[in-house]
There are 2 protein chains.
Amino acid sequence: MARRVSIKDVAQRAGVSWKTVSNVVNERPVVRADTREKVLAAIDELGYVPNHIGRDLRGGPTRSIALVVPELQNPYFARLAERMQAAARERGYTVSVEVSLHSAEVERAHVRGRTARPVDAVVISPSALEPSDLLDRRSGPPVVLLGESLTAAPNVVHVAIDNVSSAADVVRHLVGTGHRRLLFLGAEGAVRSTGTDRLAGFTAASRFAELPLEDALIRATGAWDRESGREEVLRALEEGIAFDAVVAGNDLLAIGALAALRERGLRVPDDVAVVGWDDMVEAAWTVPTLTSVAPDLDALVAAALAAAISGAERGTEQDAERDAGQAAAGADDSGKRGASRTGGAETVIAHRLIVRESTRA
Amino acid sequence: MARRVSIKDVAQRAGVSWKTVSNVVNERPVVRADTREKVLAAIDELGYVPNHIGRDLRGGPTRSIALVVPELQNPYFARLAERMQAAARERGYTVSVEVSLHSAEVERAHVRGRTARPVDAVVISPSALEPSDLLDRRSGPPVVLLGESLTAAPNVVHVAIDNVSSAADVVRHLVGTGHRRLLFLGAEGAVRSTGTDRLAGFTAASRFAELPLEDALIRATGAWDRESGREEVLRALEEGIAFDAVVAGNDLLAIGALAALRERGLRVPDDVAVVGWDDMVEAAWTVPTLTSVAPDLDALVAAALAAAISGAERGTEQDAERDAGQAAAGADDSGKRGASRTGGAETVIAHRLIVRESTRA
DNA sequence: CTGAAAGCGCTTACAG
DNA sequence: CTGAAAGCGCTTACAG
């Protein structure tokens with residue numbers, strides 16, 4: 001349909017130069033009140049919205065952040081995305097939700113800034129990313145990792161609950177309600193991840209409580225979804241492994257466990273207790289309802305956003321410094337930059353165990 | 001961190017003019033093979049990704065589509081978004097997922113193209129949008145409405161399952177399994193919507209089957225989520241309304257109904273059968289599992305995307321035509337434009353009723 | 001307080 | 001086949 005209305009249309013309508021319109025839009029205090037009114041009126045009549053593309057191209061901050069999640073099928077990520085977008089909107093930022101579908105390539109591209117549209121920062125819940133992807137990068141936007149510290153790398157910070165202690169909390173709760181043979185669902189490979197940290201906490205606490213820790217009680221799953229959880233619990237049952245509780249790496253796996261136990265006629269929590277992580281909304285609606293480790297989601301979103309924005313603003317400053325430096329004399333400012341980029345900051349988010357029917361004594 | 005690598009860096013590295021790089025990137029067949037190789041090598045070494053912002057600003061297609069959904073908390077929308085983004089990626093388009101949180105203002109802004117970054121088309125699952133929002137607009141991107149035809153408007157098409165007949169299918173299934181007092185959950189207001197169409201089909205089929213249709217059996221809910229479904233069923237029960245089946249406007253409401261019935265000691269499906277719409281993944285995991293109307297999601301995504309892309313391409317052509325016309329003589333090309341913009345196209349997506357435990361005889 | 005200039009990265013005609 | 005020019009919408013110095 002008709003052409004988009006540009007700053008020049010507004011200028012013409014208001015009878016001023018189009019640079020003046022820019023001054024009004026950007027709330028620069030140099031415009032006389034009546035000129036300002038005229039311009040505002042014209043903006044309103046024409047329904048003008050500044051085209052951010054012009055600004056973006058101009059350089060400087062785009063005020064946009066990419067949120068990269070492995071999938072949106074997992075309601076935890078869906079909720080996270082929804083909250084992050086709403087919270088960012090309030091702060092004048094735009095969040096573009098990118099679904100990686102567990103593709104290392106997609107994750108890498110974002111982390112390295114190899115995307116068609118530049119952003120000021122990327123918040124990523126990594127799934128296939130490897131430490132080297134973060135260490136190798138010679139450039140790229142500030143990165144906020146949701147979850148474990150894959151590795152310490154410059155310009156990368158982490159926001160996560162304390163997965164090791166939350167796992168210990170889970171074990172304590174289970175031991176306190178009389179369970180001893182705990183099956184861990186969702187063991188993962190070598191790269192440090194949410195799963196490896198939860199397992200580490202599980203193992204440490206189990207050892208401390210002198211619980212059995214046979215290999216057969218530590219189970220990997222194909223994926224972290226309902227069906228994988230169900231299949232792995234069925235498999236354990238078929239193998240004749242005895243256990244009186246399932247500690248699942250997330251709620252989806254736990255829901256699958258619930259289904260497997262029901263299929264085999266085992267009662268939850270009487271025969272087997274079940275716990276998960278994430279406190280998805282669904283956890284309050286399963287039969288029986290599901291005990292789960294709940295991250296303080298508001299805090300998580302706020303911290304991730306704050307880190308992204310501060311990274312974005314720092315990034316912009318640095319660019320300014322660097323440009324200034326280059327313009328001045330091509331000076332080597334590596335010292336200065338190194339200082340402001342010390343990475344490895346980790347924000348720990350509070351969590352609590354929401355006890356529901358799947359683990360009552 | 002370091003400046004983004006631009007087309008000029010590549011040109012310098014390859015020892016050609018930067019316009020030649022553009023020719024290579026855009027696969028224009030005017031570049032000699034060895035020049036081309038050199039450029040490709042430089043692109044690879046530098047990790048150059050064309051900055052789409054430059055293209056966007058240049059005008060013409062951005063190859064990006066906005067998908068506006070009311071919420072991501074509803075797993076149906078989350079899955080839709082995930083699929084749409086993946087499908088679009090395959091076709092060289094970008095999908096930006098925008099959560100409106102049921103805000104009429106946000107929905108309106110997108111439909112009118114009053115957004116900070118222009119897109120080629122918008123696919124929207126409207127929640128608060130009114131017919132006038134579509135009729136009034138004098139400009140804006142091609143719109144694909146997911147769901148009912150709010151109204152016939154130029155440059156707006158619809159993609160949806162046949163909600164009226166799917167509701168009739170639900171009633172037929174219920175009558176066939178011996179149910180007569182059906183409670184409808186999720187009645188909505190005056191504006192035509194998914195809910196009103198499902199209710200219309202429900203009402204028509206009920207009348208045809210000579211089922212009771214008292215006002216008390218048609219229930220509105222606060223929202224279309226689990227808790228609203230639960231509350232409304234509890235309310236109906238408290239009012240002493242007798243019913244032997246619940247027809248819920250979506251699966252979330254149905255899951256709430258399941259919980260309410262369980263709380264009151266009613267057995268599903270023996271005492272009360274329950275059906276929903278959407279066939280969310282969760283429907284296969286509830287207790288009992290939930291009978292649901294499943295849209296052919298692949299077809300829905302494909303149709304919505306095809307409609308958006310064809311709208312986008314048509315839009316671009318028109319712009320070209322218009323510009324040409326203006327350049328030539330400021331000719332009035334309204335006739336031409338009117339013809340290519342005839343709106344009101346509706347694509348009907350196949351659906352089927354997935355029968356699960358919540359309605360077995 | 002307002003106006004004219006330069007430039008962000010790219011593409012689209014056009015000239016050589 | 002390759003190069004130089006203009007312009008998309010905007011902001012950021014700078015001049016009047």
The one condition B:Val24 fails out of (1) in a helix (DSSP H, G or I); (2) open to solvent by 70 Å² or more (accessible area, probe 1.4 Å) is (2)
Identify the residue in segment B:10-21 that is within 8 Å of DNA strand C (Cβ to nearest atom) and buried (at least 17 other Cβ atoms within 10 Å of the Cβ) and, among all such residues, is farthest from B:Glu45 (Cα to Cα). B:Val21
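Would you kindly identify the helices (runs of 4 or more DSSP H) lying entirely within segment A:63-143 that contain at least 1 residues that are touching a residue at least 40 places away in the same chain (Cβ under 8 Å) and of a type in the set (Gly, Ala, Ser)? Can you show your working first?
On the way: elements: A:75-90, A:104-111, A:131-135.
Here the list reads A:75-90.
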On the basis of being in a loop (DSSP other than H, G, I, E, B), out of contact with any Pro (no Cβ under 8 Å at 6 or more places or on another chain) and within 14 Å of chain B (Cβ to nearest Cβ), does A:Val49 make the cut? yes
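Filter segment A:179-197 for residues that are of a type outside the set (A, V, I, L, M, F, W, C), open to solvent by 20 Å² or more (accessible area, probe 1.4 Å) and either closer than 27 Å to A:Pro126 by Cβ or at pLDDT below 95 (or both) and give the result. Break it down stepwise before answering.
The initial filter retains those residues of segment A:179-197 that are of a type outside the set (A, V, I, L, M, F, W, C), namely A:179-181, A:186, A:188-189, A:192-197.
After this cut, where a residue has to be open to solvent by 20 Å² or more (accessible area, probe 1.4 Å) as well, the list is A:180-181, A:188-189, A:192-194, A:196.
Hits for segment A:179-197 are A:Glu188, A:Gly189, A:Arg192, A:Ser193, A:Thr194, A:Thr196.
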For A:Arg91, indicate whether it is farther than 19 Å from B:Leu67 by Cα, at pLDDT 90 or above and within 16 Å of DNA strand D (Cβ to nearest atom). no
Looking at (1) over 23 Å from B:Gly256 (Cα atoms); (2) touching a helix residue (DSSP H, G or I) at 6+ places or on another chain (Cβ under 9 Å); (3) open to solvent by 10 Å² or more (accessible area, probe 1.4 Å), can you tell me which one A:Val246 breaks? (3)
Going through segment B:259-286 in order, the residues found to be at the interface with chain A (Cβ under 8 Å from one of its Cβ atoms) and in contact (Cβ under 8 Å) with a residue 24 or more places away in the chain are B:Ala259, B:Val281, B:Glu282, B:Thr286
Within segment A:153-173, is even one residue crowded, with 19+ Cβ neighbours inside 10 Å, within 12 Å of another protein chain (Cβ to nearest Cβ), touching a residue at least 12 places away in the same chain (Cβ under 8 Å) and of a type outside the set (Val, Ile, Thr)? yes
In segment A:27-75, the residues that are surrounded by 13 or more Cβ atoms within 10 Å (Cβ to Cβ) and charged (D, E, K, R): A:Arg36, A:Glu37, A:Lys38, A:Arg55, A:Asp56, A:Arg63, A:Glu71
Subset of segment A:101-117 (residues that are away from chain B (no Cβ under 12 Å) and touching a strand residue (DSSP E or B) at 6+ places or on another chain (Cβ under 8 Å)): A:Glu107
If A:Ala302 satisfies all but one of (1) open to solvent by less than 10 Å² (accessible area, probe 1.4 Å); (2) under 24 Å from A:Glu346 (Cα atoms); (3) modelled with pLDDT of 95 or more, what's the number of the condition it fails? (1)
Candidates B:Asp120, B:Asp225, B:Asp136, filtered to the one that is within 14 Å of another protein chain (Cβ to nearest Cβ) and surrounded by 20 or more Cβ atoms within 10 Å (Cβ to Cβ): B:Asp120
Looking only at segment B:5-25, decide whether some residue is within 25 Å of B:Val97 (Cβ to Cβ), within 12 Å of chain A (Cβ to nearest Cβ) and either hydroxyl-bearing (Ser, Thr, Tyr) or within 12 Å of DNA strand D (Cβ to nearest atom) (or both). no
Go over the candidates A:Ala242, A:Ala236 one by one and state the one that is assigned to a helix (DSSP H, G or I), under 22 Å from A:His173 (Cβ atoms) and of a type outside the set (Phe, Trp, Tyr). A:Ala236
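The values are calculated or read from the model by the stated rules, or taken from the named source; none is laboratory data. Because the structure is predicted, anything quoted here is derived from the model rather than measured. Counting neighbours? That spans all protein chains shown, and the Cβs are built from the backbone with ideal geometry, glycine included. The protein model used for the area step is the full one, side chains on, heavy atoms only, and it has no ligands, DNA or RNA in it. Shrake-Rupley method; radii C 1.70, N 1.55, O 1.52, S 1.80 Å.
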